[in-house]
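The numbers here are math on the coordinates, done by the rules we state, and not lab data. The structure presented is a predicted model; accordingly, all values stated were derived computationally and were not measured. Note that we place each Cβ from the backbone using ideal geometry, even for glycine, and neighbour counts take in every protein chain shown.
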Amino acid sequence: MSHEQQTQKLVYMANQIAIFFASRPEQEAIGEIANHLRKFWEPRMREKIIDFAAHGGAGLMPRAEEAVKMLSQSTTSQSTTS
Amino acid sequence: MGLIHEIDFGTKAVSAENLVSLTIDGEIVRVPEGTSVMRAAMMMGTQIPKLCATDMLDSFGSCRLCLVEIEGRAGTPASCTTPVAEGMVVHTQNERLGKLRRGVMELYISDHPLDCLTCSANGDCELQDMAGAVGLRDVRYGYDGENHLAQAKDVSNPYFQFDPSKCIVCSRCVRACEEVQGTFALTIAGRGFDAKVSPGMEEKFFDSECVSCGACVQACPTATLMESSVVEIGQPEHSKVTTCAYCGVGCSFKAEMRGDQVVRMVPFKDGKANHGHSCVKGRFAWGYATHQDRITKPMIRAAITDPWREVSWDEAIAHTAAEFKRIQSQYGRNAVGGITSSRCTNEETYLVQKLIRAGFGNNNVDTCARVCHSPTGYGLSAAFGTSAGTQDFDSVEHADVMLLIGANPTDGHPVFASRMKKRLRDGAKLIVIDPRRIDLVRTPHIHASLHLPTRPGTNVAILTALAHVIVTENLVDTDFVRARCDGDSFGQWQDYVGQAQNSPEALENVTGVAPHLVREAARLYATGGNGAIYYGLGITEHSQGTTAVLALANLAMATGNLGRVGVGVNPLRGQNNVQGSCDMGSFPHELPGYRHISLTDVRESFEQAWGVTLESEPGLRIPNMLDAAIDGTFKGLYIQGEDIAQSDPDIKHITAGLSAMECVVVQDLFLNETAQFAHVFLPGSTFLEKNGTFTNAERRIQRVRKVMAPKNGYEDWQITQLLANALGYPMSYRHPSDIMDEIAALTPSFAGVSYDLLEREGSVQWPCNEAAPLGTPVMHMEHFVRGEGRFFVTEYVPTDEKVGPRFPLLLTTGRILSQYNVGAQTRRTENTAWHQEDLLEIHPFDAEQRGVIDGAWVKIASRAGETSLRAKITERVAPGVVYTTFHHPMTMANIVTTDYSDWATNCPEYKVTAVQVSLSNGPTDAQIAYATLGRTTRQIEIAAE
């Protein structure tokens, strides 16, 4: 499995999470998706999807993309404050 | 140390509250109303002679040996069938009774081979005991009359033999098969002198419906039904109570020994999970412990293409530690990880995750629950607040309606299935939701009220349709919901499931189930009394596995079927200690007791106890570890008792990941499939060779007791400790009880657990702490662990694994009674007599379309890969669905399954794979190549003496 395939797998997984929370109001859903990624994804996986989103994020569902951005912001603020 | 002898009270205990006083042989005794005279006598220490009675079975009253006199009553009634009465005066022994009993015994003995000295039951024969008890000194009829002594033995069963010449036709075996096991494989054929025990239609045991649970052997009072191991070895001389190492039922057994040799495993009557019953695996399939394939010396090799080299423990441990240190130094601290074993004890599992978190310094720890019940953990935790089933097994006795979905208990959890069957025979109703017509749909004296044959992959749709009916037909238990559940989430859920798109009619095209069946099932579950949900991997192993678990929780909350005996949401967990391995912090995001690694106060408590700083971020899950390995960032893996190269999906991906690592350490009993890709092999110990505890599917913590020295030299926890010390993280436990003490000190739900408590109580169910010092059989009684129960909207999302012109059939996988998981243990026992190979079940319609005949080799191909196996044509599967097991590595069933997985937990979607089936000439090239690889990578270079 290539690097690209692995990234696509993460995109697929993030979208799956987004689909589960599709019934929620948008902001709540984005928060839940970001929280799920934070709680269950290992930092390498999060870094990879954050990097992917930062470079366009093609294929990420809108809410998943927003959640990744939220994750990115919290990661940035954590690294700034630490 | 001698044999543990359980008291046989002759008849079953009665749970009546009213007590009755009676006089037996001049002594006054008070017993529950409804108790038999025989049991009452035994309760005061008087054993009335008996042959057809035993307290595992209902009273029968046929042997006429237990006759007593009751003042004021005529005749000599059988004490086993006579209930006590207030003021009753009973005489169990006088001249008249003695004479009657001797007369009965004379008749039995006149037609019995008098070969006691050479009989396998010598010393353990109730007939022999009773002859002594009644003072039999002579048989007036002689021994030359017509008899049954020339009848031939049936030795067809690999584990026990049937010698009809010794049978006294007491029917205990027949009744055990009916009442305890519920298979009804035995009967009494013929009448009078011709009466004889008959498996099926006078077949041999092996050819009959007998499932070899051993209940008949256990019930037999003579040597008629006898374990072959006793015939071969002789009677055992000491025993210990331990816990079975097969499925999640967690049966208690007496390991009966002669020296350090197991003579037999006998189910323990006081075992609270099994109440004296067993299945063919736990009862008989323990021979793998001494199988010739067992590896008992450590081995290392530089490359997986090299032969193995036997080394000392010191060298193996030092080499492993050096390799892990090298890898971490070269690639970073997070480049290594480990997998805990759901077959090992709680203490061993706890120690592996501790080694990884504290010794490796990361959270890259996972366990096989990843590929089975991780959605259960996530789902039940989210809905109720804890990651476990809600009930004890005994709860089933109070269930009025069982909703069974995605589980096949008669094969996967046979001892609990017998409990279910008993309750069903007593009148409970059964709803089966399953693509296959599993045995419980129709089996002797049981007929499911409803079978909803769903299309694989549509669980969430069918469960939401059930919810739709419950909501729209006003079947919600509003009092329960208002009192116990979160109102906002209920409102959202109610609004969602009430929509027309979720009706059974609207979803029929998805589920394939007739709407009226769905409506009837919903009504029955919601209004039929105590509704109990039981489910298995048919729920969890889907891309919507977690969603389905949440949907089950929704149903139970909406109908008020939680928080009392007889109801609940009950996952039937697969492996012996999969519940325990999850409890012990085997997931990368959780410390023991299901507390997230990011929780500072929790982490600090472990840091203080372990003397290290812990990583606060979650680690890698098994599939993520393999992804990272292929990506070049994960290089070392310590695997205790897990065979991911056979059990996990998309084998090509698994083996590519393993092959990309620089140090794979396998700690196991055998050179399993994963060991083909390993650089270090650390020989493990069996459950017979170690102390510890297992936790079963009902959260019951039970002792595992060592009955023989480890053939490899160490118990598994000791090996982990050696490795930790070599890595520079000191561990100095002297006994697993030390480890349990540490678990209890750090884990609130285990706070009250200790080996002393387990010795006193036999077992306890967590939570066991100050609030519940003797454990918690039923959870969420007053309130949910999370406070209010939370509903979740469960929208059905079809899997992306879809059928089409190339792959028009759906493959689903499962297991069978005689085999266990990857078969590493059961394939090395006589259980192979029932299952030499995995078969592909295919419906006659699909078979005919493809020209497939029964037993023919067929190729099964998916987008992930292809393999070949033999076909079995059966209507158990619906048209369009095929089914197989994965017990044999050469089947390579998981080369076909895909890497689609659950959205929340990455639990693989084993249960849905789009495939095509076509005729084949035999194994595929890949199977032949794999067999060759297996031979090459298992070569061992024997060290010079």
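Summing charges over all other residues whose Cβ lies under 11 Å from the Cβ of B:G123, with Lys and Arg as +1 and Asp and Glu as -1, gives -3. Each principal axis of region B:774-817 carries a Cα extent, and these read 56, 35, 9 Å when sorted largest first. Here chain B is assigned +1 on the Cβ of each Lys and Arg and -1 on the Cβ of each Asp and Glu. Its dipole about the Cα centre then comes out at about 680 debye. Here each label is just a point 7 Å from Cα along the line to Cβ, and for B:Q939 and B:A85 those points are 8.3 nm apart.
Of B:K153/B:K269; A:K39/A:K69; B:K269/B:K706, which ones are farther than 18 Å apart at the Cα? With Cα atoms farther than 18 Å apart: B:K153/B:K269; B:K269/B:K706. Give me the one-decimal nm value for the distance between modelled label points at B:E202 and B:N921, 7 Å along each residue's Cα-to-Cβ direction. Modelled inter-label distance: 4.8 nm. Over every pair of different alpha-carbon atoms in region B:645-803, take the mean of 1/r and invert it; report that Kirkwood radius in Å. This gives a value of 19.5 Å.
The label-point distance for B:T23 and B:H596, in a model that sets each label 7 Å from Cα toward Cβ, rounds to 7.1 nm.
Comparing chain B with the 2.2 N^0.38 Å rule of thumb, its C-alpha radius of gyration ratio is 0.97 (two decimals).
Just counting partner chain Cβ atoms within 10 Å, what average do the residues of peptide B:281-290 show around their Cβ?
0
Need one word for region B:203-293: rounded, prolate or oblate. Basis is the Cα gyration tensor (sqrt eigenvalues a ≥ b ≥ c); a/c below 1.5 gives rounded, then a/b vs b/c decides. Judged from the Cα gyration tensor, region B:203-293 comes out rounded (a/c under 1.5). Taking other C-beta atoms within 10 Å as the exposure proxy, A:F40, B:F480, B:F193, B:F791 rank B:F193, B:F480, A:F40, B:F791 from fewest upward.
State the answer as a single residue: which of B:S228, B:T296, B:T11 lies farthest towards the positive end of the charge dipole of chain B, with beta carbon charges of +1 for Lys and Arg and -1 for Asp and Glu, about the Cα centre. So the residue furthest toward the plus end is B:S228. If every alpha-carbon in region B:19-93 counts as one equal scatterer, what log10 I(q)/I(0) does Debye give at q = 0.11, 0.25 1/Å? Calculated log10 I(q)/I(0) at the listed q: -0.22, -1.21. In terms of other Cβ atoms within 10 Å, B:F687, B:F845 run from fewest to most in the order B:F845, B:F687. Find which of B:A660, B:L466, B:N334 sits farthest along the positive direction of the dipole of chain B, computed with +1 on the beta-carbon of Lys and Arg, -1 on that of Asp and Glu, about the Cα centre. So the residue we want is B:L466.
So what is the 222 nm mean residue ellipticity for chain B from helices alone, if each DSSP H run of at least 4 adds -39500 (n - 2.57) and you divide by all residues, rounding to the nearest 500 deg cm²/dmol? Helix contribution divided over all residues of chain B: -8000 deg cm²/dmol.
Semi-axes of the equivalent ellipsoid for the protein assembly as shown, computed as √(5λ) from the eigenvalues of its C-alpha gyration tensor and ordered from largest down, come to 50, 33, 29 Å.
Given R₀ = 45 Å, what would the calculated FRET efficiency be for B:W857 paired with A:H3, taking r from the Cβ atoms and rounding to 0.05?
For B:W857 and A:H3, the calculated efficiency is 0.70.
Counting, for every residue in B:594-601, the Cβ atoms of other protein chains within 10 Å of its Cβ and taking the mean gives 1. What residues of region B:523-567 lie in the reach of a label at B:E782, counting those whose backbone N is under 16 Å from a point 7 Å from the Cα along Cα→Cβ? Output list for this probe position: B:563-564. The equivalent ellipsoid that matches the C-alpha gyration tensor of region B:374-571 spans semi-axes of 23, 19, 16 angstrom, in descending order. Of B:M779, B:M56, the sequence from fewest to most neighbouring Cβ atoms within 10 angstrom is B:M56, B:M779.
Counting Lys and Arg as +1 and Asp and Glu as -1, what is the net charge of the other residues whose Cβ lies under 12 Å from the Cβ of A:E4?
Result for the neighbourhood of A:E4: +1.
Ordering B:Q676, B:C63, B:V567 by Cα displacement along the dipole of chain B toward the positive end leaves B:C63 in first place; charges were set at the Cβ atoms of Lys, Arg (+1) and Asp, Glu (-1). Treating the Cα atoms of region B:101-251 as identical point scatterers in vacuum, please give the log10 of the normalised Debye intensity I(q)/I(0) at q = 0.10, 0.16, 0.17 Å⁻¹, two decimals. One equal scatterer on each Cα of region B:101-251 leads to -0.38, -0.96, -1.07. Each Lys and Arg Cβ is given +1 and each Asp and Glu Cβ -1; about its Cα centre, region B:809-936 then shows a dipole of about 240 debye. Overall form of region B:563-680: oblate. Here a/c, set by the Cα gyration tensor axes a ≥ b ≥ c, is 1.5 or more, and a/b is not larger than b/c. Per residue of A:34-44, other chain Cβ atoms within 10 Å of the residue Cβ number 6 on average. Quick one: which of B:K325/B:K711; B:K297/B:K872; B:K254/B:K652 span more than 32 angstrom between C-alpha atoms? In this structure, B:K297/B:K872; B:K254/B:K652 lie more than 32 Å apart at Cα.
Taking amide H positions as modeled 1.01 Å from N, with prolines and chain starts lacking one, the residues under 5 Å from B:Y638 and 5 or more places away or on another chain are B:G337, B:G338, B:I339, B:V665. Relative contact order for chain B: 13 percent, from Cα pairs under 8 Å spaced at least 6 residues apart, divided by residue count.
Taking every Cα-Cα distance in region B:809-936 and sorting them into 10 Å bins starting at zero, the pair-distance distribution P(r) comes out as 13, 42, 36, 9, 0 percent. The protection proxy used here, the mean number of other Cβ atoms lying within 10 Å of each residue, ranks peptides B:881-889, B:619-627 as follows, highest first: B:619-627, B:881-889.
Give me Rg/Rg_expected for region B:1-152, where Rg uses Cα atoms only and Rg_expected = 2.2 N^0.38 Å with N residues.
Ratio of Rg to 2.2 N^0.38 Å for region B:1-152: 1.14.
Sorted from greatest to least, the principal axis extents spanned by the alpha carbons of region A:3-81 come out as 33, 31, 22 Å.
What is the distance in Å between the Cα centroid of region B:628-649 and that of region B:768-798? Their Cα centres are 33 Å away from one another.
The Cα atoms of region B:311-351 cover 33, 28, 12 Å along the three principal axes, with the biggest extent listed first.
With R₀ fixed at 45 Å, the C-beta to C-beta distance from A:E28 to B:K325 puts the FRET efficiency at about 0.45. Here the dipole of the protein assembly as shown is about 500 debye; that uses its Cα centre as origin and unit charges on the Cβ of Lys and Arg (positive) and Asp and Glu (negative).
If you take all other residues with their beta carbon under 11 Å from the beta carbon of B:G574, and give Lys and Arg +1 and Asp and Glu -1, the sum is +2.
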